[in-house]
1. Give the residues of segment 121-173 that are among the aliphatic types (A, V, I, L, M), out of contact with any helix residue (DSSP H, G or I) (no Cβ under 9 Å at 6 or more places or on another chain), modelled with pLDDT under 85 and assigned to a loop (DSSP other than H, G, I, E, B), sorted by residue number.
2. Of the conditions (1) touching a Leu at 6+ places or on another chain (Cβ under 7 Å); (2) under 23 Å from SER6 (Cα atoms), GLU108 satisfies every one except a single condition; which number is it?
3. With assigned to a strand (DSSP E or B), loosely packed, with under 14 Cβ neighbours inside 10 Å and touching a residue at least 40 places away in the same chain (Cβ under 8 Å) as the only criterion, which of ARG102, ARG39 stands out?
4. Considering (1) surrounded by fewer than 18 Cβ atoms within 10 Å (Cβ to Cβ); (2) within 17 Å of ARG126 (Cβ to Cβ); (3) hydrophobic (A, V, I, L, M, F, W, C), say which one VAL52 fails and leave the rest.
5. Given the structure, is VAL239 farther than 30 Å from LYS262 by Cβ, surrounded by 10 or more Cβ atoms within 10 Å (Cβ to Cβ) and not assigned by TED's automatic domain parsing to the domain that holds ASP27?
6. For residues that are assigned to a helix (DSSP H, G or I) and polar (S, T, N, Q), scanning just segment 1-36, find the one that is modelled with the lowest pLDDT.
7. Six or more apart or on different chains, Cβ atoms under 6 Å: show the pairs whose first residue is in segment 53-68 and assigned to a strand (DSSP E or B) and whose second is of a type in the set (Lys, Arg).
8. Between ARG273, ARG281, ARG255, ARG277, which is at pLDDT below 80, under 30 Å from ASP27 (Cα atoms) and either surrounded by fewer than 13 Cβ atoms within 10 Å (Cβ to Cβ) or not hydrophobic (A, V, I, L, M, F, W, C) (or both)?
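The values are calculated or read from the model by the stated rules, or taken from the named source; none is laboratory data. The shown structure was predicted, so the numbers you read here are calculated from the model rather than taken from an experiment. As a convention, Cβ positions derive from the backbone with ideal geometry for all residues, glycine included, and neighbour counts pool all protein chains shown.
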Amino acid sequence: MARTFSSLVRKQARELQAHSRNRLSLDPLYYVYALLDPRKPGSYLYTVGDKVVAFDHEPFYVGKGKGRRMYQHLEGCNRRGTHRKVQKINAIERAGYAPIVRQLSKEEPEATALAKEILLIAAVGRADLKSGPLTNHSDGGEGPAGQIISPERRALVSNIIKGKTLSDDTKRRISEASKRRDASHLHAPEVVAKRATTLRGRKRSQHEKDKIAATMKGRVMTDAHKKNLRQGLRALTPVTCPQCGMAGKPAVMTRWHFDNCKTDPCEVENGKRKIIRETSRRWSDAEEKILIAARIRDGAKQKDIVSEFGRSREFIRRIAREHNL
């Protein structure tokens, strides 16, 4: 009996995790994606176990990544060299199109994403093996995030790069390629909405939090960095809370106002909280509390008491609770 897609993925993921000596991340951050050729529309169906994977354009690359990895192939700095994938992307853009980026799975642990990548590459087929249209140069499953590079390998790479300088012509070509880079697809409304939906409500794992804390610990901001932050904050357009009318910077207002607002509108004037001067009060604290309690017993409206005594509504409510009114 043919094995199901899920069982194939589980089996492959266990083998990958064992082979990596449990170094693959267990955080659900990784997904499988494909790049499609917009010049070749049609119905492209591939069977993996009991599952049929369908594309409406011919796929030419399958990969695994996290974050915005699937869009990085289209950036200028990643489009140099003789890789089949690079040549394909450049040919598509010369024809006046842009490669179609398609996410094929939700965020999962790294071993699961790698397993799906391997199975999909095998199902679609590689161009260099004449088994399919994919420009992948391997069967997938390589390049685990956070992999440990041996000191010998680091030393070898360092010796190759050390002392190497770029010519003026190379620098010029890199600069021109960067200026031509079109990143507008990253800011398209549908891309921004999808990214927001993916990240909204996601809680960081303890492992992620520990890594961020270790990176930030002991970090000191330079004066230039502080200056840039101040200028950025000053440039932010103030927003106004529809509940109480207070105005302020977006981050603070979102945290303490809007849906979380507990400020009384009577305490706000011209977008700022009213300043009540203690020196203008005519009674001592004890006398004032007695008078306010008496006014509450007489059935006076809260806004009238606020106006008469110059106290906030919360203060008046507290006195009412103290006197069981």
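1. If the condition is that a residue be among the aliphatic types (A, V, I, L, M), out of contact with any helix residue (DSSP H, G or I) (no Cβ under 9 Å at 6 or more places or on another chain), modelled with pLDDT under 85 and assigned to a loop (DSSP other than H, G, I, E, B), then ILE148 is the only one that fits.
2. Only one criterion in (1) touching a Leu at 6+ places or on another chain (Cβ under 7 Å); (2) under 23 Å from SER6 (Cα atoms) is unmet by GLU108, namely (1).
3. Criteria check complete, one pass: ARG39.
4. (2)
5. So VAL239 fails the test.
6. GLN17
7. The qualifying pairs are HIS57/LYS40; GLU58/LYS40; PHE60/LYS88; TYR61/LYS85.
8. ARG255
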